[in-house]
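Okay, so here's the structure we're looking at.
The values are calculated or read from the model by the stated rules, or taken from the named source; none is laboratory data. Predicted, not measured: the structure shown is a model, and the values here were computed from it. For neighbour counting, all protein chains shown are included, and Cβ atoms are generated from backbone atoms with ideal geometry for every residue, glycine included.
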Amino acid sequence: MNIRDSEVVSGLLRAMNCELITGSDTADVILFNTCSVRQHAEDKVWSELGRLSKRHSQSRAVGNTPYAKRNTKRPLIGVIGCMAQTYKDGIFRRAPVVDFVVGPSDIAKIPGIIKKLSTIDYRPSTQVIFERKLWETDGQTRPEEIYRNGFYEDENHAYVVISEGCSNFCSYCVVPYARGPLHNRAHKDILDEIRLALDKGIAAITLLGQNVNAYADKDVNFVTLIELVNSIKGLKEFSFVTSHPKDTSIELFKAMSKLDKLKKYLHLPVQSGSDRILKLMNRGYTTKDYLDLVENYRTIVKAGTLTTDIMVGFPSETKADFKDVYELVKKAQFDAAYIFKYSPRPHTHALQWPDDVPTQEKARRHRIILDLQREISRNKGIRKKVTQ
Ligand code: SF4
């Protein structure tokens with residue numbers, strides 16, 4: 001989702017004659033499109049902002065006022081995306097080098113903000129004596145036009161957002177707070193965007209959403225949507241991420257098996273193999289429900305690949321709970337699994353519970369599941385690195 005958001009923002013900036021460059025040394029504007037889903041992702045951004053603060057602090061004029069004059073030679077620095085939404089103007093206190101902060105629902109405003117900040121007259125003769133900070137984090141939904149700027153970094157493949165946000169409120173997850181409630185794009189707009197991408201020579205697409213299976217636009221549900229996408233002339237191949245087990249149905253598997261352009265690939269995050277932990281996570285299914293889905297998927301979607309997400313060390317996860325995770329991974333025989341260690345996230349329900357699985361124990365559980373999954377993948381003949 002963040003890769004696509006970065007493309008959308010790049011497209012908006014290219015439309016105002018900006019050029020996308022790699023590396024930050026000569027940039028006039030540096031944007032951090034951030035992720036809040038794990039502590040580790042945030043730590044990397046804070047440390048990069050610290051590095052930029054050091055680099056630019058000496059070149060900033062100080063003067064005799066309590067405020068620093070802005071050095072117009074240094075780049076404008078913006079933090080956008082989920083951290084922007086999570087910490088809002090608090091980012092300026094922790095990283096004063098940041099000039100603007102923009103949440104995921106406000107990204108359409110970025111060109112205007114850059115224009116405003118780069119045209120402020122900072123000459124000593126003017127009244128502007130301190131740095132100006134701007135933040136936009138109150139937006140509800142994105143204007144549809146932002147998806148029509150037609151910029152895709154990959155010449156052959158495009159990510160197409162079908163829904164934004166999520167209303168599931170899994171107890172560990174910051175997404176409903178950072179990206180807001182589920183909002184579905186109109187199916188006609190999605191199909192138009194795909195046709196636009198095909199006009200640019202793109203042949204493959206990935207439909208994106210935090211929970212694609214919950215998609216609904218009047219009488220078009222997710223199964224109807226993928227049928228419509230499959231019928232688009234010129235499209236060679238498509239796939240979708242991410243699916244939620246509680247919204248995944250036999251109808252979806254039947255559609256997957258018959259749609260010729262749809263990749264036979266399902267990413268179905270299970271998160272835990274313990275029913276007690278799944279309940280605390282507010283996931284809305286049991287391990288039996290999940291394993292039944294896996295069995296149906298394998299029966300209906302012949303030779304379909306299956307991947308998952310697993311989180312170890314959730315608050316109160318005992319050794320018995322962890323054993324259940326191990327057993328589920330053995331039973332499900334995933335092709336690949338993305339394994340994470342729990343970290344408390346702002347605003348979430350789980351924040352109220354003690355993060356009581358020691359760091360070392362989380363690392364041990366992480367390694368055990370990683371080794372197990374590697375062995376399963378190896379036995380299936382999947383040679384490339386498939387877990388993390
Ligand atoms: S389904 Fe749960 S884990 Fe996934 S984005 Fe929504 S709240 Fe987060």
Review point. Out of the stretch 283-322, which residues are more than 16 Å from the ligand (Cβ to nearest atom), of a type in the set (D, E, K, R) and assigned to a helix (DSSP H, G or I)?
Key: Lys288, Asp292, Glu295, Arg298, Lys319, Asp321
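For the stretch 18-31, indicate whether the set of residues that are under 19 Å from the mean Cα position of the chain (by Cα) and surrounded by 15 or more Cβ atoms within 10 Å (Cβ to Cβ) is non-empty.
The answer is yes, given that some residue of the stretch 18-31 is under 19 Å from the mean Cα position of the chain (by Cα) and surrounded by 15 or more Cβ atoms within 10 Å (Cβ to Cβ).
So, Leu278, is that one within 16 Å of the ligand (Cβ to nearest atom) and assigned to a strand (DSSP E or B) or not? Break it down stepwise before answering.
On the way: within 16 Å of the ligand (Cβ to nearest atom): yes; assigned to a strand (DSSP E or B): no.
No; evaluated as a whole, the condition is false for this residue.
With the condition kept exactly as written, say whether any residue in the stretch 360-368 is assigned to a helix (DSSP H, G or I), touching a helix residue (DSSP H, G or I) at 6+ places or on another chain (Cβ under 6 Å) and not assigned by TED's automatic domain parsing to the domain that holds Val37. Steps first, answer last, please.
Kept after step one, since they are assigned to a helix (DSSP H, G or I), are these residues of the stretch 360-368: 360-368.
Still in the running and touching a helix residue (DSSP H, G or I) at 6+ places or on another chain (Cβ under 6 Å): 365.
Subsequent filtering for residues that are not assigned by TED's automatic domain parsing to the domain that holds Val37 retains 365.
Scanning the stretch 360-368 turns up at least one residue that is assigned to a helix (DSSP H, G or I), touching a helix residue (DSSP H, G or I) at 6+ places or on another chain (Cβ under 6 Å) and not assigned by TED's automatic domain parsing to the domain that holds Val37.
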**Study point:** Pairs with Cβ under 6 Å, 6+ apart, first in the stretch 174-193 and not assigned by TED's automatic domain parsing to the domain that holds Thr86, second hydrophobic (A, V, I, L, M, F, W, C) and buried (at least 20 other Cβ atoms within 10 Å of the Cβ)
**Key:** Val175/Cys166; Pro176/Cys166; Ala178/Cys82; Leu182/Cys166; Arg185/Ile162; His187/Leu225; Ile190/Ile162; Glu193/Val160
Practice item. Starting from the stretch 311-327, keep only residues that are in the same structural domain as Asn282 (by TED's automatic domain parsing), then list their pairs with residues that are exposed (fewer than 13 other Cβ atoms within 10 Å of the Cβ) whose Cβ atoms are within a distance under 7 Å, requiring at least 6 positions of separation or different chains. Key: Pro315/Pro354; Pro315/Asp356; Ser316/Asp356
Check your understanding: Which of the following residues is in contact (Cβ under 8 Å) with a residue 12 or more places away in the chain, surrounded by 15 or more Cβ atoms within 10 Å (Cβ to Cβ) and more than 16 Å from the ligand (Cβ to nearest atom): Glu153, Glu144, Glu136?
Key -> Glu136
Practice item. Restrict the check to the stretch 258-267 and report whether at least one residue is crowded, with 19+ Cβ neighbours inside 10 Å and either modelled with pLDDT under 95 or in a helix (DSSP H, G or I) (or both). Key: no
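For every residue, the table says whether it meets (1) part of a helix (DSSP H, G or I); (2) more than 10 Å from the ligand (Cβ to nearest atom); (3) not hydroxyl-bearing (Ser, Thr, Tyr).
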{"residue": "Ser167", "(1), (2), (3)": "no, no, no"}
{"residue": "Tyr177", "(1), (2), (3)": "yes, no, no"}
{"residue": "Leu196", "(1), (2), (3)": "yes, yes, yes"}
{"residue": "Gln210", "(1), (2), (3)": "no, no, yes"}
Practice item. Please identify the pairs in which a residue from the stretch 18-36 that is farther than 21 Å from Lys115 by Cα has its Cβ atom under 7 Å from the Cβ atom of a residue that is assigned to a loop (DSSP other than H, G, I, E, B), counting only partners at least 6 apart or on another chain. Key: Ser36/Val174; Ser36/Arg345
